[in-house]
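Every number here is computed from the coordinates shown, using simple stated rules; none is lab data. Bear in mind the structure is a predicted one, so any value in this text is a computation, not a measurement. Backbone-built Cβ (ideal geometry, glycine too); neighbour counts: all protein chains shown.
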Amino acid sequence: MVPAEFVPLSVAERGHRSLFDRSPPLKAYFAIVSPRALGGVRTMISKLVKGLQREGFHVSVVPLVQANLLAKLCSDMANLKKLRGFDAVIYMGSIPWPSHIFISDDTLVALFVHGFVRQELINVMKLRRFKAGPLLSLSLWSISKSIGRIDLFICHSHTSCEANGIRERFVLLPQFVFPEEVELYSELKKSFEEGSGTSCERFKVVTYASFATSPRLLTQPYVLTLMKEVSKRVKKEMELVMIDPKTREREERWENLLVRYVKYLRREDFLRLLAQSDLYIERCIDEELGLASIEAALLGTPIAKLTHPKFVNRQDYREEVIWSSSFKGLAEAIADYLNNIYHQKPLYSKKLRDFLISRRSWDHVKKPLINSIRHGLK
């Protein structure tokens, strides 16, 4: 049920509007179609709603029933009449559900694309053998691309759009922060200060695996091999925490490197771990900084990342992040940072926080999206 304050006007009440009509609407009512979302996608839904509301749009989240595949399809089509009453509909989770084909041409249809959709769906089918869900999602993705009903694609990075064959009608919306988030994480950092900072016993490094199996993400074995190489260059004891929802919890040791595989952490425990760590390893090898990297930065924890040489020129950061385009280069950079951590950690922490405030705030990144939406609603 759409909340009363967000009930959209009917087409008759709004009056017929062509996309070529240059007079902007007095009000705009948005529907965000939300599938069952995990991790960063779920957070992005919440933040996108908040951002659009700040721009004066009326936003309503329209969830899909999650019981099973058939229920989800039926739920999507049942929502069709409701969706036709909105000025714009944004489908989250990368998959354009069938309802988008039948929405009026007067409605702006947008799709938020996360990651490398086709490759990730194919990988899921390989790992799980035959599964109807990924196969259907892949079919919906292919059909949608051929029909061309989507007016606007939203991607976190240029590489994501490129990998998904999106070459026009797209805008980039990287992970972003609101001013109150900066304040909130500053308070959280203070509350976690007891026992935080560089341990006199060992360095603590953490990384977080995605639910997706994607060629754009460093694999668990790669990160492990990287940190083994780092440990050879660092005399102090090291602890690597690998958070992975798909892993088996266990501990392993290689000389001065202790590796802990963790399946799940409560939200508060995860943020505490980030705040009390010396380094967070970003797994994206393109130009994107993921949600956990943003959170680590807001909590004062520096980030290390490997960027594929092909994507280096797409980065909008340089000295704010410990990065390299090669395995050896990254291992050396991380080791140098850890061996000089008392001097370098405060510097990286400040530079990265300043970067987020100046370059990744909602007010800084929103312009392409908002301009495209307003143009589409005219």
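Among the listed pairs Lys232/Lys328; Lys228/Lys305; Lys47/Lys246, those with a Cα-Cα distance over 23 Å are Lys47/Lys246. Dipole orientation for the stretch 173-308: of the candidates Leu271, Ile281, Ala292, Ile281 has the Cα lying most toward the positive pole (charges on Cβ; Lys, Arg +1; Asp, Glu -1).
Please report the projected area of the chain's Cα convex hull averaged over all directions, in nm².
Numbers: hull surface 77.5 nm².
It is 19.4 nm².
Charges were assigned to the Cβ only: +1 to each Lys and Arg, -1 to each Asp and Glu. The resulting dipole of the chain about its Cα centre is roughly 840 debye.
Taking every alpha-carbon pair under 8 Å whose residues sit at least 6 apart, the chain reaches a relative contact order of 15 percent.
Rank Thr225, Thr301, Thr159 by mean-square fluctuation in a GNM of the chain with C-alpha springs under 10 angstrom and give only the top-ranked residue. Comparing Thr225, Thr301, Thr159 in the GNM, the peak value goes to Thr225.
Can you give me the Rg/Rh ratio for the stretch 78-120, using Cα atoms for both radii and the Kirkwood formula for Rh? Don't skip to the answer; put the middle values down first.
Numbers: Rg = 11.3 Å, Rh = 11.1 Å.
Computed over Cα atoms, the ratio is 1.02.
Only Cα pairs within less than 10 Å get springs; with that Gaussian network setup on the chain, which residue of Leu271, Leu184, Leu48 has the largest fluctuation? Greatest mean-square fluctuation among the candidates belongs to Leu184.
Springs between Cα atoms under 10 Å define the GNM used for the chain, and in it the highest mean-square fluctuation of Met238, Met92, Met77 occurs at Met77. Looking at the chain, the DSSP beta bridges with both ends there are about 10 percent antiparallel. Taking every C-alpha pair closer than 8 Å and separated by at least 6 residues, the mean separation divided by the residue count of the stretch 179-359 gives a relative contact order of 22 percent. Inter-label distance, Arg267 to Thr43: 1.1 nm, where each label sits 7 Å from its Cα along the C-beta direction.
Taken about its Cα centre, the stretch 179-359 carries a charge dipole of roughly 540 debye when the Cβ of each Lys and Arg holds +1 and the Cβ of each Asp and Glu holds -1. Towards the positive end of the charge dipole of the chain, with charges on Cβ (+1 Lys, Arg; -1 Asp, Glu), say which of Val65, Phe153, Tyr261 has the farthest Cα. Checking the options against the dipole of the chain, the answer is Val65.
Note on the chain: helix-only mean residue ellipticity at 222 nm, from DSSP H runs of 4+ residues weighted -39500 (n - 2.57) and normalised by residue number, equals -12500 deg cm²/dmol. Here each label is just a point 7 Å from Cα along the line to Cβ, and for Tyr222 and Ala335 those points are 2.1 nm apart.
The local environment of Arg283, defined by Cβ-Cβ distances under 15 Å, has a net charge of -4 under the rule Lys, Arg +1 and Asp, Glu -1.
Assigning unit charges at the beta carbon (Lys, Arg +1; Asp, Glu -1) and nothing else, what dipole magnitude in debye, to the nearest 20, does the stretch 214-280 show about its Cα centre? Provide the component values of the computation, followed by the final result.
Working: 15 positive and 11 negative charges, 27 e Å.
Its charge dipole is roughly 140 debye.
If you take the square roots of the eigenvalues of the alpha-carbon gyration tensor of the stretch 179-359 and sort them as a ≥ b ≥ c, do you get rounded (a/c under 1.5), prolate (a/b over b/c) or oblate? The shape class here is rounded.
The distance between label points at Glu319 and Arg250 comes to 4.4 nm (points 7 Å beyond Cα on the Cα→Cβ vector). With the gyration tensor restricted to C-alpha atoms of the stretch 37-116, the semi-axes of the equivalent ellipsoid amount to 19, 18, 12 Å, longest first.
Report the antiparallel proportion of the DSSP beta bridges in the stretch 179-359 as a percent, rounded to a multiple of 5. If you can, show how the numbers build up before the last one.
Details: 6 of 28 bridges.
Percentage antiparallel, nearest 5: 20.
What number comes out for the charge environment of Met238, summing +1 per Lys or Arg and -1 per Asp or Glu over other residues with Cβ under 12 Å away?
Values: positive: Arg202, Lys204, Lys228, Lys232, Arg233, Lys235, Lys236, Arg253, Arg260; negative: Glu201, Glu229, Glu237, Glu239, Glu255, Asp278.
Value of the local net charge: +3.
Global size of the stretch 290-331: 10.7, 30 Å for Rg and Dmax (C-alpha atoms, Rg to one decimal, Dmax whole).
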